[in-house]
Amino acid sequence: MMKPVILFIAASLDGYIADEEGNIDWLMKAGGEGDNGYDEMYRRVDTVVMGRKTYEHVLVLTDAFPYSDKDCYVFSTSRLESGGQVSFVKGDVAEWLQNKRLDPGSGIWIVGGADIIDPLLNEELIDEYIITLTPDLLGSGIPLFKQRSGQPKRLHLHKVKQWGELAQLHYKRAGDLSIQ
């Protein structure tokens, strides 16, 4: 059985994951409840995947690397020295993920950003989309999804949760509705 691939991410109501400078200060001001479903998702995965910019932002936001208990992979075209808490990967993220899904384990969390998400979306490799929307309208910034051409994608709405001011939409890939 293949590991499920989960996109768990927050975005502004108008679809941005960061402002134009890459800041997420606005996200920290959103009034949620508890951990907004993070722990539940985090227990379901053993692998974490992100891009280099996201990784570097995580290092700025935290004193200790928060994913040290998981296998963590960072995609980068410039930085490749692996060791310590993460393994750097270069190459086609979709091809790499297709192989990684076959490894034994529980699940793969796609942290971000759009350069990682887009090829996985195009190859229909994301099984679950758990997107928490904040009540912010940024107007511009780094979009959750890149502008797309090609075939439209249709997802199945699995559930909706409210965490204070936040709305969490949980979609599953259409045709893959057996995922718990």
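Would you confirm whether any residue within the range 143-166 is of a type outside the set (Phe, Trp, Tyr) and crowded, with 20+ Cβ neighbours inside 10 Å? Scanning the range 143-166, I find at least one residue that is of a type outside the set (Phe, Trp, Tyr) and crowded, with 20+ Cβ neighbours inside 10 Å, so the answer is yes.
Is it the case that LEU133 is in contact with a strand residue (DSSP E or B) (Cβ under 9 Å, 6 or more places away or on another chain) and not in a loop (DSSP other than H, G, I, E, B)? So LEU133 fits the description; yes.
Residue pairs whose Cβ atoms lie under 6 Å apart, separated by 6 or more positions or on different chains, with the first residue in the range 8-29 and among the hydroxyl-bearing types (Ser, Thr, Tyr) and the second assigned to a strand (DSSP E or B) and open to solvent by less than 30 Å² (accessible area, probe 1.4 Å), are SER12/THR134. Go through the range 31-60 and give me each residue that's open to solvent by less than 20 Å² (accessible area, probe 1.4 Å) and under 21 Å from THR134 (Cα atoms). Scanning the range 31-60 gives GLY37, MET41, VAL58.
Considering only residues that are free of Cβ contacts under 8 Å to residues at least 60 places away in the same chain, touching a helix residue (DSSP H, G or I) at 6+ places or on another chain (Cβ under 8 Å) and under 18 Å from TYR42 (Cα atoms), which ones fall in the range 74-123? Passing the criteria: VAL74, VAL86. Yes or no: the range 66-82 includes at least one residue that is of a type in the set (S, T, N, Q), at pLDDT below 90 and open to solvent by less than 80 Å² (accessible area, probe 1.4 Å). Among the residues of the range 66-82, at least one is of a type in the set (S, T, N, Q), at pLDDT below 90 and open to solvent by less than 80 Å² (accessible area, probe 1.4 Å), which makes the answer yes.
The values are calculated or read from the model by the stated rules, or taken from the named source; none is laboratory data. None of these values were measured; they are calculated from a predicted model. FYI the Cβ positions are ideal-geometry reconstructions off the backbone, even for glycines, and counts take in every protein chain you see. Protein only, heavy atoms only, side chains kept; ligands, DNA and RNA dropped before computing areas. Shrake-Rupley method; radii C 1.70, N 1.55, O 1.52, S 1.80 Å.
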